[in-house]
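Okay, structure first, notes after.
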Amino acid sequence: MVSHMSSFVLDPSRRLFLQRSAFAAVAFLLPAAALAQSQTIRLGVLVPLTGAGGSYGPSMAKVAKAVVDEVNAVGGINGRKFDLIVEDDQTSPEAAVRAARKLIDVDKVVAIMGTWASAVTTAVAPLCWESKTFLTTVSGADSITLLPHQGYLIRTQPNTLLQGRKFGEYAIERGAKRIFFISPQTPFAKSQFDSITAAVKKAGSETASLIYDDKKPSYRTEVDEVLRFKPDAIIFGGYTPDTSIMLKDVYRAGYAGLKIAFGYAVNQKLIESIPAEAVESIVTISPSPAEGSEAYARVARLAAVTNPDPYTAQIYDQINLVILALAAAGSTEPSGTAIRDSVRKVSQSKDGTKISNAPDGLKLLTDGKVIDYDGASGPCEFTDIGDIWTASSATTR
């Protein structure tokens with residue numbers, strides 16, 4: 001039976017309303033998985049664009065965005081592309097907490113990557129594990145991976161126990177017998193000194209330490225106390241602003257012995273800001289990126305620099321690992337939990353095909369292959385608590 005109805009003309013505004021209503025009805029009837037398929041996956045980067053770590057954050061953010069652009073250019077994962085939201089932690093725990101809350105509560109990111117200062121990472125880590133947001137960091141304080149993070153944290157930076165041992169061993173190699181460690185109050189100051197002391201005492205040498213206020217305009221009083229110890233090596237544990245003042249005051253006091261510092265503190269900005277004599281022959285110790293590797297060359301190209309710093313190399317690895325972990329999780333809805341449960345499957349599968357970038361890894365995963373990521377900072381193999389197995393290198397300025 002055929003029914004007939006009279007013809008009529010729709011008002012244009014009514015037609016638009018009906019079309020929109022029909023779309024809404026279809027969208028309402030679509031399964032949740034189909035709707036999710038059309039949405040982007042949001043990732044957060046929390047780096048120091050300003051403050052004591054401001055020399056590193058801009059390059060870290062630039063490379064992270066470049067990696068996301070590469071992955072989006074090949075289609076993302078499971079038909080979904082990525083959005084990258086970058087926030088400035090200002091090298092300040094208070095500012096970092098505000099930024100992390102925005103990333104988690106407003107932007108709904110599944111991972112936060114790149115936290116630099118240990119105090120910042122310590123402050124934001126609880127927000128991450130409580131919300132099941134995965135956190136990757138370049139911070140070194142050994143206390144960080146001892147937090148009850150439930151697996152929602154990994155770091156690509158050697159912890160302070162390893163770094164401190166390297167400081168102490170290097171000082172001994174240079175013949176030092178009396179070694180002084182001077183540092184502001186940081187989450188790693190005590191463990192750093194304890195690790196230095198363990199290495200130094202093993203060789204029969206002595207140590208002493210002093211914690212100072214990193215906001216002072218002069219450290220002559222502190223330097224006088226250091227020199228009363230008659231050190232033949234001084235290890236500087238601060239950041240760029242306070243270390244620059246400390247080095248000038250040590251030079252003015254006539255100290256001519258061995259000077260050792262963190263590579264992140266004695267950077268190009270510091271070298272250009274103080275007299276050459278004050279920084280002459282200082283030795284810096286930093287995590288050594290995998291110079292000469294394909295991944296390191298890729299970072300150099302993405303960052304448009306000849307020698308990428310260790311932290312830019314590390315965030316390159318972090319964002320590649322996060323994306324690959326999400327892909328390895330398969331049909332699981334993208335989440336911090338999915339990253340936690342899959343990251344080691346892509347970073348340390350002994351029988352996996354070696355890869356150094358996400359686009360290559362995504363293709364292999366799509367073909368059902370097992371992968372093993374080695375990156376710009378070296379092999380990315382993590383312990384159960386999220387520490388990485390790696391070493392540091394020394395450089396003389």
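The values are calculated or read from the model by the stated rules, or taken from the named source; none is laboratory data. This structure is a prediction, so every number in the text was calculated from the model and none was measured. Reconstructed Cβ throughout: ideal geometry from the backbone, glycine too, with neighbour counts over all protein chains shown. Just so you know, the surface numbers come from the protein's heavy atoms only, side chains and all, with ligands and any DNA or RNA stripped out. Shrake-Rupley method; radii C 1.70, N 1.55, O 1.52, S 1.80 Å.
Fully extended, how many nm does the chain gain between Asp341 and Arg101 (0.36 nm per residue separation, minus their Cα-Cα distance)? It would help to have the intermediate numbers written out before the result.
On the way: separation 240, 0.36 × 240 = 86.40 nm, distance 2.33 nm.
Value of the extension gain: 84.1 nm.
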Exercise. Among Val120, Val106, Val226, which one shows the biggest mean-square fluctuation in a GNM of the chain, springs joining Cα atoms closer than 10 Å?
Worked result: Val106
For this session: Work out the FRET efficiency for Asp384 and Lys81 from their Cβ-Cβ distance, taking R0 = 25 Å, and round it to the nearest 0.05.
Result: 0.15
For this session: Using only alpha carbon pairs under 8 Å that are at least six residues apart, calculate the relative contact order of the range 277-397 and give it in whole percent.
Result: 36 percent
For this session: Return the lysines within reach of Lys166: Cα separation strictly under 26 angstrom, same-chain partners fewer than 8 residues apart disregarded; answer none if there are no such residues.
Result: Lys177, Lys190, Lys201, Lys202, Lys230, Lys248, Lys259, Lys269
Exercise. If you take the beta carbon distance between Ala304 and Thr40 as r and set R0 to 22 Å, what does 1/(1 + (r/R0)^6) give as a FRET efficiency, to the nearest 0.05?
Worked result: 0.25
For this session: With springs only between Cα atoms under 10 Å apart, run a GNM on the chain and tell me which of Tyr251, Tyr170, Tyr239 wobbles the most.
Result: Tyr251
Seminar exercise, completed: Karplus ³J(HN,Hα) for the range 323-331 (6.51 cos²θ - 1.76 cosθ + 1.60, θ = phi - 60°; Hz, whole; x = Gly/Pro) runs 5, 5, 5, 5, 5, 5, 6, x, 7
Seminar exercise, completed: the range 69-204 accessible area per residue, 1.4 Å probe, protein heavy atoms, integer Å², reads 38 Å²
Seminar exercise, completed: Site Ser273, offset 7 angstrom along Cα→Cβ, radius 14 Å on amide nitrogen, limited to the range 63-106, gives 91
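Skip the ligands, DNA and RNA, and give the accessible area per residue of the range 211-321 with a 1.4 Å probe, whole Å². Mind dumping the intermediate values first?
Numbers: 4580 Å² over 111 residues.
Accessible surface, normalised per residue, equals 41 Å².
About the Cα centre, and with charges only on the beta carbon of Lys, Arg (+1) and Asp, Glu (-1), how big is the dipole of the range 109-252? Nearest 20 debye, please.
Values: 17 positive and 14 negative charges, 55 e Å.
Charge dipole, the range 109-252, about its Cα centre: 260 debye, nearest 20.
How much net charge surrounds Leu210 when only other residues with a Cβ under 12 Å from its Cβ are counted (Lys, Arg +1; Asp, Glu -1)? The partial results should precede the final answer.
Details: positive: Arg228; negative: Asp213, Glu222, Asp224, Glu225.
Local net charge: -3.
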For this session: On the protein heavy atoms, probe 1.4 angstrom, tell me the percent of accessible surface of the chain carried by carbon and sulfur.
Result: 55 percent
Seminar exercise, completed: Rounded to the nearest 10 Å², the 1.4 Å probe accessible area of Arg165 is 100 Å²
For this session: Find which of Gly238, Thr197, Leu43 sits farthest along the positive direction of the dipole of the chain, computed with +1 on the beta-carbon of Lys and Arg, -1 on that of Asp and Glu, about the Cα centre.
Result: Leu43
Problem set entry | 20 Å Cα-Cα reach of Lys350 towards lysines, excluding residues that sit fewer than 8 places from it in its own chain | Lys363, Lys369
Problem set entry | Local electrostatic count, Val71, Cβ distance below 12 Å [Lys/Arg +1, Asp/Glu -1] | 0
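Based on Cβ point charges of +1 for Lys and Arg and -1 for Asp and Glu, what charge dipole magnitude is obtained for the chain about its Cα centre, in debye rounded to the nearest 20? Numbers along the way, then the final one.
Values: 41 positive and 41 negative charges, 70 e Å.
Dipole size: approximately 340 debye.
Compute, for the range 181-239, the length of the dipole vector about the Cα centre, with Cβ point charges of +1 (Lys, Arg) and -1 (Asp, Glu) only. Units Debye, rounded to 20. Don't skip to the end; give the middle numbers.
On the way: 8 positive and 8 negative charges, 14 e Å.
Here the size comes out at about 60 debye.
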